[in-house]
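Here is the structure we will look at.
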Amino acid sequence: MSKNVSIKYALDWTTVFFYVVLVFMGWISIYGASYNFDQASIFDFSQRAGKQFIWIVTAFALGGILLLIDSRLYNIFAWFIYVAAILLLIVTIFVAHDIKGSRSWLVLGPVSFQPAELAKMATALGLAKYMSAYNYKLKTWKDLIPLGIIIFIPFILIILQNETGTALVYLAFTLMLYREGMNGIVLLIGTFAVALFITIVKLSIVPIQVDHGTLGMVMGMFMILLVQFVYAIFFCRNQKEALILLLGTIVISIASYVLNFWFYLNYNYVAILTVVASCIYWGIIEVFYRYKKYLFVVFFSIGSVMFCFSVDYLFTKVLEPHQQVRIKVLLNMDDAPLGAGYNVNQSKIAIGSGGFFGKGFLNGTQTKLKYVPEQDTDFIFCTVGEEHGFWGSTLVLFVYWLLLTRLIRMAERARDAFSRVYGYCVASIFFFHLMVNVGMVLGIMPVIGIPLPFFSYGGSSLWGFTILLFIMIRLDAARLERLH
């Protein structure tokens, strides 16, 4: 069978079907979110739905072109595409117009697009190219360094464009690294860092008595000690050392509480000194027993203490004021129902008012009266919840789940490392967008302003997701072509 014939039968038409269904659902939702009684036609090109239809047609054409390209060219030109995307991101920093504090959009006549959306595909190709090199194995920390550089370059360039939300999407590539052999301890460290950050930020305003420290720092040190205890028992299988650590912590805690009646004690310092003492304890065990696994506990604890001291700087100096407020709203530190929390509050009202069956297509009051800002872009999912209710929202999420499982299946059946790595990159990006976007609409994730794939209005995101997906479909089809 020739290639020209086999490509028709080699394509995963099920994935293409899921793509078309999601795009159609998104188009209908955009029409519902931006519906105008005076201009009611869905094909009115002066309205959002009409403009999105044009983007959909061009996206279908683009997808078709990507399927006609020889799959080997994506591998051959991967580095060229990656470098071109990086140069485009650099140019964007200097020539893009300032739009709501962001310099991330390039304007070409009547069309504007966001290079960061295309850079996701380029980064995925770059990672796939590097990790598919002959004899490459992800075994040691040194193997992670070049991968980190590939991800970090577009990440920092997008940060410089003041698009923190889009930049955070690049963290999704770490999910692919676990499939390729990265140690799971990295994920645990990342999760612990997030928990530590939240604890310090939320509880740093809660004092322990007056001028005796804050609950945030004390709880942070307690979490570090808890990790040491769990590590000693479950990873090192040394219950004796873990018990000594536990008893020592209890003795120090009781002693500091009693001494506080006669002497002034700052519990922050007591907690920090307790962690330092525990590090010395593990160091002594390391010296006498030459058990190198305890060195990890020492370095992890010292790094965690340093991180605790840097949280205030990261929160107040690195994050923008509006980002700080959004995190405070998420952590219930600042309700701000008419301020930063307005979008999320109105979104939850819209979704809740939809009930189980919804109010019906074009009958959403929150949507029609424009109570939810950005309701056809970042908050498009609240339109689904209000008009189609719980069952409609569940249906949309189910189709996304089918697409994600299909992508993972395509990646697993790939006959080369390049296609497998790229497939998991695509699946990771889609999962991150879905999780964060739906989460922020429901108020369980911070509002970082990233689109819902194939649903949110905009040509850049639609093109970006289409390119990501159809390159994967083309790479998957190549596995059958090579059998003929």
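Key figures
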quantity: Set G385, G354: member being at pLDDT 85 or above and either touching a Gly at 6+ places or on another chain (Cβ under 6 Å) or surrounded by 24 or more Cβ atoms within 10 Å (Cβ to Cβ) (or both); calculated: G385
quantity: Only listed residue being surrounded by fewer than 17 Cβ atoms within 10 Å (Cβ to Cβ), modelled with pLDDT under 85 and in a loop (DSSP other than H, G, I, E, B), chosen from Y291, Y257, Y313; calculated: Y291
quantity: Qualifying residue in the range 109-123 (condition: at positive phi and not aliphatic (A, V, I, L, M)); calculated: yes
quantity: Selection count where residues are within 17 Å of M25 (Cβ to Cβ) and part of a helix (DSSP H, G or I), scope the range 377-421; calculated: 26
quantity: Filter result for V396 (over 18 Å from the mean Cα position of the chain (by Cα), aliphatic (A, V, I, L, M) and closer than 28 Å to Y342 by Cβ); calculated: yes
quantity: Residue in the range 431-447 that is among the aliphatic types (A, V, I, L, M), assigned to a helix (DSSP H, G or I), modelled with pLDDT of 90 or more and buried (at least 24 other Cβ atoms within 10 Å of the Cβ) present; calculated: no
quantity: Check on W262, among the aromatic types (F, W, Y), more than 30 Å from R326 (Cβ to Cβ) and in a helix (DSSP H, G or I); calculated: no
quantity: Whichever residue in the range 175-205 is of a type in the set (G, A, S) and assigned to a helix (DSSP H, G or I) and, among such residues, is nearest to the chain's Cα centre (by Cα); calculated: G190
quantity: Residue, modelled with the lowest pLDDT, within the range 80-102, restricted to residues that are in contact with a Lys or Arg (Cβ under 9 Å, 6 or more places away or on another chain) and surrounded by fewer than 14 Cβ atoms within 10 Å (Cβ to Cβ); calculated: H97
quantity: Close pairs (8 angstrom Cβ cut-off, 6 or more residues apart or separate chains): over 15 Å from I159 (Cβ atoms) in the range 87-106, among the aromatic types (F, W, Y) and not in a strand (DSSP E or B) anywhere; calculated: H97/W105; I99/W105
quantity: Unique residue being among the aromatic types (F, W, Y) and crowded, with 22+ Cβ neighbours inside 10 Å when the list is Y74, Y134; calculated: Y74
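Conditions tested, residue by residue: (1) part of a loop (DSSP other than H, G, I, E, B); (2) at pLDDT below 90; (3) among the aliphatic types (A, V, I, L, M); (4) over 30 Å from F315 (Cβ atoms).
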site: S104; (1), (2), (3), (4): yes, yes, no, no
site: G126; (1), (2), (3), (4): no, no, no, yes
site: K137; (1), (2), (3), (4): yes, yes, no, yes
site: I159; (1), (2), (3), (4): no, yes, yes, no
site: Y170; (1), (2), (3), (4): no, no, no, no
site: F173; (1), (2), (3), (4): no, no, no, no
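The values are calculated or read from the model by the stated rules, or taken from the named source; none is laboratory data. Fair warning: this is a prediction, and the values are worked out from it, not measured in the lab. Cβ: placed from backbone, ideal geometry, glycine included. Neighbour counts: every protein chain shown.
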